[in-house]
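To keep things clear, I will list the structure first and then write my remarks on it.
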Amino acid sequence: MNAPLNAAAENVFPEPVAEAKISARNVSVYYGAKQAIDSVSIDIPKNYVTAFIGPSGCGKSTFLRTINRMNDTIAGARVDGEILLDGEDIYRSGMDVVQLRARVGMVFQKPNPFPKTIYENIAYGPRIHGLTTSKSELDGIVESSLQRAGLWDEVKDRLTDSGTALSGGQQQRLCIARAIAVDPEVILMDEPCSALDPIATARIEELIDELRGKFAIVIVTHSMQQAARVSQRTAFFHLGKIVEYGTTSDIFTNPRQERTKDYITGRYG
Amino acid sequence: MSPAILILLAFGLSLAGWLAARSRAWAFKRANPAQRLASLPGYHGWYVALWVAVPAVVFAVAWSILSPNLVLASVLADPAASALPAFGFERQTILGEARAVATGKAFAVFNPLAQPLIEPFRNALHRYDIIGLLVTLAVALGGGTFGFLRLRPDFNTRTRVERSVMGILLVASLVAVLTTAGIFLSLLFETVRFFGMVSPVDFLTGTHWSPDPMAASADPGNYGAIPLFWGTLYIGAIIAMVVAIPLGLMSAIYLTQYASSSVRKVMKPLLELLAGVPTVVYGYFAALTVAPAVRDFGQAIGIASASSESALAAGLVMGVMIIPFVSSMADDSIAAVPQAMRDGSLAMGATRSETIVKVLIPAALPGIVAGVMLAVSRAIGETMIVVMAAGAAANLSANPFQAMTTVTFQIVAMLTGEGSFDHPATLGAFALGMLLFLVTLTLNFVALRVVKRYREAYE
């Protein structure tokens with residue numbers, strides 16, 4: 001996608017992105033009268049992990065939720081500006097939100113498996129989107145999704161157990177497997193490790209690294225170490241705006257903005 | 001003397017005890033200002049007040065149960081009582097008449113046998129009134145004195161008052177439990193009498209129901225309650241549920257998932273208002289508006305037996321009546337499904353209705369089932385609508401246009417008739433009531449268990 005960036009965005013965008021999967025242009029989000037996001041522009045590349053960091057309430061999760069239009073489910077939320085997915089404005093009228101969400105999957109802060117069996121949790125997406133024509137095909141998708149999420153060996157003998165009976169880390173990997181099962185192009189992760197212990201967190205981080213290259217992954221995180229470990233690009237949000245966006249190594253070793261430096265060195269946030 | 005007066009007396013004395021004990025506590029304080037009281041003076045007051053009131057009230061209640069029997073026993077000990085008939089209704093009437101005159105509720109007796117009993121009654125009543133009053137006073141003063149003498153500056157009345165508060169609350173909560181047990185026992189007693197006359201097997205398996213209160217002896221063949229059970233289930237658990245479950249569930253889904261908050265604010269109270277309409281109002285709506293329409297419709301589609309009282313009319317109106325029971329339980333349990341489930345499903349690209357059908361309803365199902373069970377138990381116990389719209393004929397039929405009768409209707413009919421209380425045509429009402437009680441109790445119990453298990457799953 002080669003739509004020109006506006007001047008303000010250029011300022012925070014140090015290098016051109018070869019293949020932008022998602023391009024946001026002057027996106028503002030309002031909850032009723034309150035503005036949560038103020039004119040954010042960003043290009044998110046294919047095949048990399050992009051991290052959104054910033055203090056609580058800075059709008060990073062809100063912005064994440066605009067990418068698959070999950071803000072639509074919140075009464076009183078309004079989005080201005082445009083977000084292009086492969087050049088196509090997802091906020092244009094006539095956009096099929098259901099199709100969009102099949103292409104842009106999401107993993108939430110707290111693991112939220114459905115109160116169904118492990119198998120049914122994975123099969124849910126393929127079923128509602130009619131991705132398979134036979135039971136064996138569906139079995140194949142369930143197995144490969146669980147394999148890719150690194151959960152297959154742990155659950156292959158108990159696919160009929162309830163998804164809610166798994167441990168927290170396993171539940172989160174189940175949710176990742178569920179998102180993968182519909183073969184999305186983008187996976188959004190909203191603080192996927194904040195409810196997990198360090199070992200489960202490490203496992204999810206490994207998984208994110210393995211999935212890189214197949215999907216565009218956007219992860220919101222509170223942990224700067226996590227952003228440094230898993231992402232190739234980092235955007236620093238503050239007060240509803242992107243303060244700085246660049247390669248992760250630049251942001252962490254050579255921030256251009258004073259505020260970024262203060263946040264990264266733990267001066268506030 | 002009525003127990004109310006004794007109880008008022010006890011409370012008056014306990015007020016006095018409260019004041020006395022509190023001023024005693026202040027006196028401790030004045031006598032030795034350096035020493036801290038173990039409890040505030042008010043607690044000393046409450047401690048003594050409780051010692052006055054609780055034993056006296058307990059005695060007054062016990063006395064109100066006991067004294068009529070004591071009065072009766074002393075009246076029967078009178079030589080004039082030997083002329084009374086040995087047992088039964090007449091004996092009760094004569095004693096009742098004498099008692100009414102003795103307490104001033106009536107001026108003369110009809111039965112000459114009652115006349116000589118008036119004086120013994122009056123004497124006994126007077127005697128036991130005095131005894132009751134004196135013992136109440138003695139108990140109140142005795143308790144108060146005991147409590148008062150135990151007061152010391154370092155005596156911790158606060159924890160003792162706290163403990164008795166717990167006791168009082170426990171007693172309050174026991175009232176409902178004991179009432180349930182009492183209802184059960186009173187039903188049980190009469191039910192056993194009924195089953196002494198009509199065998200439970202005939203009652204539970206017979207298909208013919210036409211009790212005759214004038215018949216000299218009970219023909220067990222007339223006490224087959226199957227048609228009543230069928231009518232009750234058909235109207236309350238089948239027709240009414242066919243109306244209430246879909247409508248209740250769909251309105252709950254609309255209100256929780258689709259309605260804007262302003263619509264919800266108006267619709268929900270309006271829906272719940274349905275539950276507050278007196279059932280007799282539903283009854284005449286069923287009898288005057290719905291039943292004729294149902295009959296005309298039945299005849300129009302060629303069912304000649306369609307009658308002006310029908311199971312369908314009663315069931316439809318009952319179904320509307322219990323919509324709020326189903327919808328408010330369903331509403332609660334759908335709303336209790338975590339938002340994360342909904343988000344998870346929507347984020348997978350499911351539509352709203354797919355999310356509702358595949359995620360929310362399965363997750364909320366236990367709560368919905370419990371709501372339906374409570375609604376069924378409400379429906380089969382419902383009386384006014386069936387009395388007014390369902391009919392009295394005990395038909396065992398699946399034709400909804402026919403008149404049918406229910407357990408509740410028959411209870412009303414049997415107890416409001418002319419029959420005497422030792423005839424099976426009257427006692428049968430208790431057996432029916434017992435069955436109804438057991439069925440609704442079981443339904444409620446199971447429903448509450450289901451709700452409890454379901455709540456544990458999410459918290």
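The values are calculated or read from the model by the stated rules, or taken from the named source; none is laboratory data. This structure is a prediction, so every number in the text was calculated from the model and none was measured. FYI the Cβ positions are ideal-geometry reconstructions off the backbone, even for glycines, and counts take in every protein chain you see. We work out accessible area using only protein heavy atoms, side chains counted, and drop any ligands, DNA or RNA first. Shrake-Rupley method; radii C 1.70, N 1.55, O 1.52, S 1.80 Å.
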Check: How much of B:Val242 can a 1.4 Å solvent probe reach, expressed as accessible area in Å² and rounded to 10?
Finding: 100
Next item on the list: Please state the charge dipole magnitude for the range A:54-107, taken about the Cα centre, from unit charges on C-beta atoms (+1 on K and R, -1 on D and E), reported in debye and rounded to the nearest 20.
Entry: 260
Notebook entry, point to check: Between B:Val109, B:Ser305, B:Ala275, whose Cα lies farthest towards the positive end of the dipole of the protein assembly as shown when Lys and Arg beta carbons carry +1 and Asp and Glu beta carbons carry -1, centred on the Cα centre?
Noted result: B:Val109
Note to self: With the cut-off at 21 Å, tell me which of the pairs A:Lys46/A:Lys135; A:Lys46/A:Lys156; A:Lys60/A:Lys110; A:Lys156/B:Lys358 have Cα atoms farther apart than that.
What the structure shows: A:Lys46/A:Lys135; A:Lys46/A:Lys156; A:Lys156/B:Lys358
Next item on the list: Tell me the label-point distance for the pair B:Ala27, A:Thr247, using the 7 Å Cα-to-Cβ offset, in nm and rounded to one decimal.
Entry: 9.3
Checklist line | Percent of C-alpha pairs per 10 Å bin, the range B:342-459, short to long | finding: 12, 26, 25, 18, 12, 5, 2
Note to self: If R₀ is 30 angstrom, what is the calculated FRET efficiency for the pair A:Ser162 and B:Val266, using the beta carbon separation as r and rounding to 0.05?
What the structure shows: 0.20
Item checked: For A:Glu210, net neighbour charge (Lys/Arg +1, Asp/Glu -1) across residues whose Cβ lies under 12 Å away -> +2
Next item on the list: May I ask for the Kirkwood hydrodynamic radius of the range A:70-124, worked out over all distinct Cα pairs and given in angstroms to one decimal?
Entry: 13.7
Item checked: Reciprocal mean inverse distance between Cα atoms of the range B:108-263 - Kirkwood radius, Å -> 24.3
Next item on the list: Run the numbers on chain B and let me know its relative contact order in percent, using alpha-carbon pairs under 8 Å that are six or more apart.
Entry: 16
Next item on the list: Check the straight Cα-Cα distances from B:Lys29 and name the aspartates and glutamates below 18 Å, setting aside those fewer than 8 residues away within the same chain.
Entry: B:Asp154
Note to self: Ordering B:Arg24, B:Arg36, A:Arg233, B:Arg30 by accessible area with a probe of 1.4 Å, largest first, what comes out?
What the structure shows: B:Arg36, B:Arg30, B:Arg24, A:Arg233
Notebook entry, point to check: For all pairs of alpha-carbon atoms in the range A:122-168, what percent lies in each bin of width 10 Å, listed from the first bin to the last filled one?
Noted result: 25, 54, 21, 0
Note to self: Compute and list, largest first, the equivalent-ellipsoid semi-axes of the protein assembly as shown from the alpha carbon gyration tensor, each √(5λ) rounded to a whole angstrom.
What the structure shows: 72, 42, 21
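For the protein assembly as shown, what is the charge dipole size about the Cα centre, in debye to the nearest 20, if Lys and Arg each add +1 at the Cβ and Asp and Glu each add -1 at the Cβ? Write out the running numbers ahead of the final one.
Details: 58 positive and 56 negative charges, 523 e Å.
So the magnitude is around 2520 debye.
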Check: Lys/Arg Cβ at +1, Asp/Glu Cβ at -1, dipole of chain A taken about the Cα centre: which of A:Ile217, A:Ala165, A:Val104 is farthest positive-ward?
Finding: A:Ala165
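Which order do A:Tyr31, B:Tyr254, A:Tyr245 take by accessible area at a 1.4 Å probe, largest first? Display every interim value, and only then the final one.
Values: A:Tyr31 65, B:Tyr254 90, A:Tyr245 5 Å².
If we order A:Tyr31, B:Tyr254, A:Tyr245 from most to least accessible, we get B:Tyr254, A:Tyr31, A:Tyr245.
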Next item on the list: Give me the aspartates and glutamates in straight-line cross-link reach of B:Lys268: C-alpha distance below 18 Å, same-chain residues under 8 apart excluded.
Entry: B:Asp331, B:Asp332
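In percent, what relative contact order does the range B:361-456 have, based on Cα pairs under 8 Å that are 6 or more apart in sequence? Let's see the in-between values first.
Numbers: 82 pairs, mean separation 35.3, N = 96.
Rounded, it is 37 percent for the range B:361-456.
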Next item on the list: Find the eigenvalues of the gyration tensor of the Cα atoms of the range A:197-250, then list the square roots of 5 times those eigenvalues as equivalent ellipsoid semi-axes, largest first, in whole angstrom.
Entry: 21, 14, 9
Item checked: the range B:301-353: Rg to Rh, with Rh as the Kirkwood radius over Cα pairs -> 1.35
Margin query: No solvent, one uniform scatterer per C-alpha: report log10 I(q)/I(0) for the range A:7-264 via the Debye equation at q = 0.13, 0.15, 0.17 1/Å, two decimals.
Written below: -0.82, -1.07, -1.33
Margin query: Ignoring everything except DSSP H segments at least 4 long, calculate the 222 nm mean residue ellipticity for chain B; use -39,500 (n - 2.57) per segment, divide by total residues, nearest 500.
Written below: -24000 deg cm²/dmol
Next item on the list: Considering Cα pairs under 8 angstrom that are at least six residues apart, work out the relative contact order of the range B:3-155 and quote it in whole percent.
Entry: 37
Item checked: Built amide H within the under 5 Å cut-off of A:Val243, gap 5+ -> A:Phe236, A:Phe237, A:His238
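State to the nearest 20 debye the size of the charge dipole of chain B about its Cα centre, where the only charges are +1 on K and R beta carbons and -1 on D and E beta carbons. Show your work: numbers first, answer last.
Numbers: 28 positive and 23 negative charges, 508 e Å.
Taking the Cα centre of chain B as origin, the dipole is about 2440 debye.
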Check: Cross-link partners among aspartates and glutamates for A:Lys116, C-alpha distance below 18 Å, same-chain residues fewer than 8 apart left out?
Finding: A:Asp139, A:Glu143, A:Glu154, A:Asp157, A:Asp161, B:Asp343, B:Glu354, B:Glu456, B:Glu459
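P(r) tail for the range B:3-155, what percent of Cα pairs lie past 22 Å? It would help to have the intermediate numbers written out before the result.
Working: 6452 of 11628 pairs.
The share of Cα pairs beyond 22 Å in the range B:3-155 comes to 55 percent.
For a distance above 19 Å, tell me the whole-number percent of Cα pairs in the range B:244-383 that qualify.
On the way: 5684 of 9730 pairs.
Of the Cα pairs, 58 percent sit more than 19 Å apart.
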Item checked: C-alpha center-to-center spacing [the range A:41-57, the range B:372-388] in angstrom -> 59
Notebook entry, point to check: Taking a probe of 1.4 angstrom, what is the accessible area of B:Tyr258 in Å², to the nearest 10?
Noted result: 100
Next item on the list: With a 1.4 Å probe and all protein chains in place, put B:Trp51, B:Trp46 in order of accessible area, largest first.
Entry: B:Trp46, B:Trp51
Notebook entry, point to check: If you take the C-alpha gyration tensor of chain B, multiply each eigenvalue by 5 and take the square root, what semi-axes do you get, largest first, in whole Å?
Noted result: 52, 42, 17
Checklist line | Signed unit charges on C-beta, dipole axis of chain B, positive-most listed residue B:Val337, B:Phe203, B:Val387 | finding: B:Val337
Margin query: Taking every alpha carbon pair in the range B:71-151, what does the distance histogram look like in 5 angstrom bins from 0, in percent?
Written below: 3, 15, 20, 17, 11, 7, 7, 6, 5, 4, 3, 1
